[in-house]
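What follows is a single structure, written as structure tokens, with notes after it.
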Amino acid sequence: MVVVVVINPVKNMNGEYMKVKYLIFTALFIVVFMTLSSNAAVLPEDRADAMYHSYQGGGMSIDGPSILLRKKIGKSVSVSTNYYIDMVSSASIDVLATASPYKEERKEHSLSVDYLHDKTVLSLGYSQSKESDFDAKSLHFDVSQDFFGDLTTLSFGFSKGNDEISQNGNETFKETATRANYRLGLSQVATKNLVLGMNLEAITDEGYLNNPYRSYRYQDANSATGFSYATEIYPNTRTSNAASLRARYFLPNKAAIYANARVFSDTWGIDANTYKLGYSQSFMNNWLMDFHLRHYSQTSADFYRDLFDRQDQFNFMARDKEMSTFNDLSIGLTTRYLFKISSAPWIKSSSINLSIDHIQFDYENFRNVLAEQQMGTEPFYSFSANVIRFYVSLWY
Amino acid sequence: MNNTKAKCMVLASILLACSGCSTSIKPWVKPYERNNLADPVMNWQLDPIASAYIHHVFQAREGARGAEGTSGGGCGCN
């Protein structure tokens with residue numbers, strides 16, 4: 001109830017950001033207090049996962065592997081590591097409008113350590129993402145505390161990220177950006193069949209925040225098409241706040257229905273809502289199926305336009321479709337089959353899993369310049385994408 | 001003391017009151033009543049490797065970010 005009061009929208013985003021920071025410090029106080037008077041939670045299970053992932057849509061083809069390993073060390077420490085690769089082949093509308101299709105690879109490594117003390121889990125993580133023109137490093141710290149007979153879990157966290165941005169073909173271009181995330185979460189067992197959850201997150205960015213390859217479009221009488229392109233200019237700061245609520249209810253016959261809702265707002269003028277509804281069903285002892293629908297909508301950034309009147313019209317100008325007004329709808333299905341891969345005593349269980357999501361993106365003020373119609377009358381852009389996750393898991 | 005600090009103190013007080021410092025409210029779901037809650041269909045994040053990937057897919061294509069219940073930052077989404 002109190003949380004609802006705190007997340008009421010206000011116009012001053014920096015004030016909102018400070019509120020989330022105060023909430024996190026409050027959570028820290030509560031956790032420290034309760035650590036002194038509580039007992040026993042659990043660390044995540046030891047497991048290994050190997051996944052093949054694929055995203056196909058909008059002229060983009062991205063696929064690759066991801067490997068996750070988690071292992072306890074003694075009774076109080078659990079270590080996990082993830083190795084992830086994106087192999088990108090891009091001929092998206094952004095690329096085709098102003099440049100040539102390209103291929104690249106992104107590799108990400110992460111390592112985290114969880115430490116359990118009574119009902120408190122402290123987590124420290126580090127991740128690094130590397131591309132030919134983008135390096136991102138980030139450090140994460142999270143605390144999770146069970147209390148009230150283990151019906152309530154309070155968690156909070158902080159991340160600090162540093163990005164180094166360069167531009168292929170331009171050796172002199174080198175920029176940096178920093179990012180800080182402040183998270184707060186609360187999970188509550190409401191009844192023997194119902195779990196509720198709430199999450200708040202404030203994120204601040206500072207530095208070079210645009211994509212050096214992206215351009216804005218402006219009217220140009222000297223061009224045969226009537227328009228030309230110039231490099232985008234973004235503000236060099238951004239603060240955003242997001243709040244989400246979720247609920248999951250157990251139904252008879254080993255099924256569950258769940259719902260998530262998220263509101264988002266930032267200092268660039270983007271307001272967004274996300275809604276998700278899903279149904280999970282276990283059957284025949286070792287099968288699990290999950291079906292879900294997700295809808296997302298956002299308003300455009302204040303400095304976004306599909307077509308500017310002239311070059312350098314404003315201080316900040318963008319034509320990224322991610323900054324435009326649009327919505328997307330996804331429908332997804334996951335199937336899991338549990339089996340015993342070996343009779344070896346150290347193997348507890350294993351599973352094979354397939355997830356397929358279909359996403360439809362519809363843009364409301366981003367036009368398809370490839371349609372070659374009269375400037376400013378091109379149809380609004382839309383595309384669909386298919387996302388596949390195929391993975392095997394082993395618990396030991 | 002500003003309004004935000006006051007709200008945080010109220011929040012802290014209520015949460016502490018609910019945490020077992022108060023004897024007036026007891027946990028109403030007993031450990032032996034949690035079979036349904038422990039079923040895999042009630043797990044928010046059944047497989048972290050799959051959840052992290054789908055979050056990344058949306059984060060790279062949508063303006064909104066955060067409050068997903070996972071650690072984040074520096075996704076390399078340009």
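Among the residues of the range A:280-327, write down those that are small (Gly, Ala, Ser) and within 22 Å of A:Asn236 (Cα to Cα). Even if it seems obvious, please write down each step before you answer.
Filtering the range A:280-327 down to residues small (Gly, Ala, Ser) leaves A:280, A:282, A:297, A:300-301, A:318, A:324.
Scanning the range A:280-327 gives A:Ser300, A:Ala301, A:Ala318, A:Ser324.
Among A:Thr225, A:Thr239, which is the only one that is more than 18 Å from A:Ser166 (Cα to Cα) and in contact with a helix residue (DSSP H, G or I) (Cβ under 7 Å, 6 or more places away or on another chain)? Steps first, answer last, please.
Details: A:Thr225 fails: in contact with a helix residue (DSSP H, G or I) (Cβ under 7 Å, 6 or more places away or on another chain).
Testing whether each residue is more than 18 Å from A:Ser166 (Cα to Cα) and in contact with a helix residue (DSSP H, G or I) (Cβ under 7 Å, 6 or more places away or on another chain) leaves just A:Thr239.
Just the residues that are open to solvent by 10 Å² or more (accessible area, probe 1.4 Å), small (Gly, Ala, Ser) and touching an Asp or Glu at 6+ places or on another chain (Cβ under 9 Å), please, taken from the range B:34-54.
Listed by number, the list holds a single entry, B:Ser51.
Can you spot a residue in the range A:92-110 that is within 8 Å of chain B (Cβ to nearest Cβ), touching a strand residue (DSSP E or B) at 6+ places or on another chain (Cβ under 9 Å), assigned to a strand (DSSP E or B) and open to solvent by 30 Å² or more (accessible area, probe 1.4 Å)? Walk me through it before giving the result.
Going through the range A:92-110, the residues within 8 Å of chain B (Cβ to nearest Cβ) turn out to be A:106, A:108.
With the extra rule that they be touching a strand residue (DSSP E or B) at 6+ places or on another chain (Cβ under 9 Å), the set shrinks to A:106, A:108.
Imposing the further condition that a residue be assigned to a strand (DSSP E or B) reduces the set to A:106, A:108.
Next cut, open to solvent by 30 Å² or more (accessible area, probe 1.4 Å) only: A:108.
Yes, the conditions are met somewhere in the range A:92-110.
Within the range A:252-276, which residues are over 16 Å from A:Ser297 (Cβ atoms), open to solvent by 50 Å² or more (accessible area, probe 1.4 Å) and in contact with a strand residue (DSSP E or B) (Cβ under 9 Å, 6 or more places away or on another chain)?
A:Asn253, A:Lys254, A:Ile257, A:Thr267, listed by residue number.
Filter the range A:163-199 for residues that are touching a helix residue (DSSP H, G or I) at 6+ places or on another chain (Cβ under 8 Å) and either hydrophobic (A, V, I, L, M, F, W, C) or assigned to a strand (DSSP E or B) (or both) and give the result. First the steps, then the outcome.
Residues of the range A:163-199 touching a helix residue (DSSP H, G or I) at 6+ places or on another chain (Cβ under 8 Å): A:182-184, A:186, A:192, A:195, A:198.
Listed by number, the residues that qualify are A:Tyr182, A:Arg183, A:Leu184, A:Leu186, A:Val195, A:Met198.
Which of the following residues is in contact with a helix residue (DSSP H, G or I) (Cβ under 8 Å, 6 or more places away or on another chain), under 30 Å from B:Leu46 (Cα atoms) and in contact (Cβ under 8 Å) with a residue 12 or more places away in the chain: A:Leu288, A:Leu293, A:Leu245, A:Leu277?
Details: A:Leu293 fails: in contact with a helix residue (DSSP H, G or I) (Cβ under 8 Å, 6 or more places away or on another chain); A:Leu245 fails: in contact with a helix residue (DSSP H, G or I) (Cβ under 8 Å, 6 or more places away or on another chain); A:Leu277 fails: in contact with a helix residue (DSSP H, G or I) (Cβ under 8 Å, 6 or more places away or on another chain).
From the options A:Leu288, A:Leu293, A:Leu245, A:Leu277, the qualifying one is A:Leu288.
Find the residue count for the range A:321-346, including only residues that are farther than 30 Å from A:Tyr229 by Cβ, basic (Lys, Arg) and surrounded by 13 or more Cβ atoms within 10 Å (Cβ to Cβ).
Within the range A:321-346, the subset farther than 30 Å from A:Tyr229 by Cβ is A:329-346.
After this cut, where a residue has to be basic (Lys, Arg) as well, the list is A:336, A:340.
Those still in the list that are surrounded by 13 or more Cβ atoms within 10 Å (Cβ to Cβ) too: A:336.
Qualifying residue count for the region: 1.
Which of the residues that make up the range A:128-165 are free of Cβ contacts under 8 Å to residues at least 40 places away in the same chain, at positive phi and open to solvent by 20 Å² or more (accessible area, probe 1.4 Å)?
A:Gly149
Count, please, the residues in the range B:22-55 that happen to be more than 8 Å from every other protein chain (Cβ to nearest Cβ) and either at pLDDT below 65 or touching a strand residue (DSSP E or B) at 6+ places or on another chain (Cβ under 8 Å) (or both).
Total satisfying the criteria: 2.
Out of the strands (runs of 3 or more DSSP E) lying entirely within the range A:261-353, which hold 3 or more residues that are of a type in the set (A, V, I, L, M) and at pLDDT below 95?
Numbers: elements: A:271-283, A:287-298, A:326-339.
Counting at least 3 such residues, we get no strands (runs of 3 or more DSSP E) at all.
Collect the residues in the range A:347-378 that are of a type in the set (Val, Ile, Thr), open to solvent by 60 Å² or more (accessible area, probe 1.4 Å) and in contact (Cβ under 8 Å) with a residue 24 or more places away in the chain, keeping them in residue-number order. Steps first, please.
Step one: list which residues in the range A:347-378 are of a type in the set (Val, Ile, Thr), which gives A:347, A:352, A:356, A:359, A:369, A:377.
Narrowing the set further to residues that are open to solvent by 60 Å² or more (accessible area, probe 1.4 Å) leaves A:352, A:356, A:377.
A:Ile352, A:Ile356, listed by residue number.
Working carefully through the options A:Tyr182, A:Tyr216, A:Tyr208, find the one that is touching a Lys or Arg at 6+ places or on another chain (Cβ under 6 Å), in contact (Cβ under 8 Å) with a residue 12 or more places away in the chain and open to solvent by 30 Å² or more (accessible area, probe 1.4 Å). Let's see the steps before the verdict.
On the way: A:Tyr216 fails: open to solvent by 30 Å² or more (accessible area, probe 1.4 Å); A:Tyr208 fails: touching a Lys or Arg at 6+ places or on another chain (Cβ under 6 Å).
The match here is A:Tyr182.
The values are calculated or read from the model by the stated rules, or taken from the named source; none is laboratory data. Since the structure is predicted, the reported quantities are computational estimates derived from the model, not experimental observations. Note that we place each Cβ from the backbone using ideal geometry, even for glycine, and neighbour counts take in every protein chain shown. Accessible surface is based on the protein model in full, side chains and every heavy atom, while ligands, DNA and RNA are left aside. Shrake-Rupley method; radii C 1.70, N 1.55, O 1.52, S 1.80 Å.
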